[in-house]
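This report concerns only the one structure given below.
The values are calculated or read from the model by the stated rules, or taken from the named source; none is laboratory data. Small disclaimer: the values here were computed from a predicted structure and weren't measured. Using ideal geometry, Cβ is built from the backbone for each residue, glycine included, and neighbour counts are taken over all protein chains shown.
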Amino acid sequence: MSRISRWRDARGKLNVELELVDDVWLTASGKREFPTAIGLEKPEGAGTAEILMEVSSCGYYDPGRNTGCPDSSYPPEGEDERALVAASSIFYNDDGEKMKEAAISFDNWGELERFFSEEINSLNINTDQEPQLRGNQ
């Protein structure tokens, strides 16, 4: 017998490192140019930065049924909708010392979600956790 699992507001954290090369922010791992539309204001002397994102997941998974009568069999299916619930940046100098930490404006979260969509969707989120309580974040 298949067991459908459902979850809502399961949380995961995604941290992405950026490095400054010729006054352009690049992702440290893939060397993609970070969008200027997000509006990171670089403090003087910063050489690297970190983008911290908290992601919420809501969805379900049905493992399907592949035994018994063919008329009652069906393949696995599921859905996992993800959205940012917090985003901030931390800047470091060339010696690795923290210089500045700031929240990223909610107005820029859509651009963050588009730019980091692959990383957000591949983030391993524990869907067995209890939902976050509103007001206690």
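Might you let me know whether the range 13-29 holds any residue that is in contact (Cβ under 8 Å) with a residue 40 or more places away in the chain, under 19 Å from ASN121 (Cα atoms), under 20 Å from the mean Cα position of the chain (by Cα) and surrounded by 14 or more Cβ atoms within 10 Å (Cβ to Cβ)?
yes
Go through (1) on the phi > 0 side of the Ramachandran plot; (2) part of a strand (DSSP E or B) for GLY68 and report which single condition fails.
All conditions pass for GLY68, except number (2).
Quick grid of which residues meet (1) part of a strand (DSSP E or B); (2) in contact with a helix residue (DSSP H, G or I) (Cβ under 6 Å, 6 or more places away or on another chain); (3) modelled with pLDDT under 95:
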| residue | (1), (2), (3) |
| --- | --- |
| ASP9 | yes, no, yes |
| ASN15 | yes, no, no |
| TRP25 | yes, no, yes |
| LYS31 | no, no, yes |
| LYS42 | no, no, yes |
| LEU52 | yes, no, no |
| SER57 | yes, no, no |
| TYR61 | yes, no, yes |
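Tally up the residues in the range 34-63 that are touching an Asp or Glu at 6+ places or on another chain (Cβ under 8 Å), surrounded by fewer than 16 Cβ atoms within 10 Å (Cβ to Cβ) and under 22 Å from ASN124 (Cβ atoms), please.
Residues flagged as touching an Asp or Glu at 6+ places or on another chain (Cβ under 8 Å), surrounded by fewer than 16 Cβ atoms within 10 Å (Cβ to Cβ) and under 22 Å from ASN124 (Cβ atoms) within the range 34-63 amount to 1.
Can you confirm whether SER73 is free of Cβ contacts under 8 Å to residues at least 12 places away in the same chain, surrounded by 11 or more Cβ atoms within 10 Å (Cβ to Cβ) and hydroxyl-bearing (Ser, Thr, Tyr)?
Here the answer is yes, as SER73 does meet what is asked.
Within the range 89-96, is even one residue outside any strand (DSSP E or B), aromatic (Phe, Trp, Tyr) and either within 16 Å of ASN15 (Cβ to Cβ) or without any contact (Cβ under 8 Å) to a residue 24 or more places away in the chain (or both)?
There is no residue in the range 89-96 that is outside any strand (DSSP E or B), aromatic (Phe, Trp, Tyr) and either within 16 Å of ASN15 (Cβ to Cβ) or without any contact (Cβ under 8 Å) to a residue 24 or more places away in the chain (or both).
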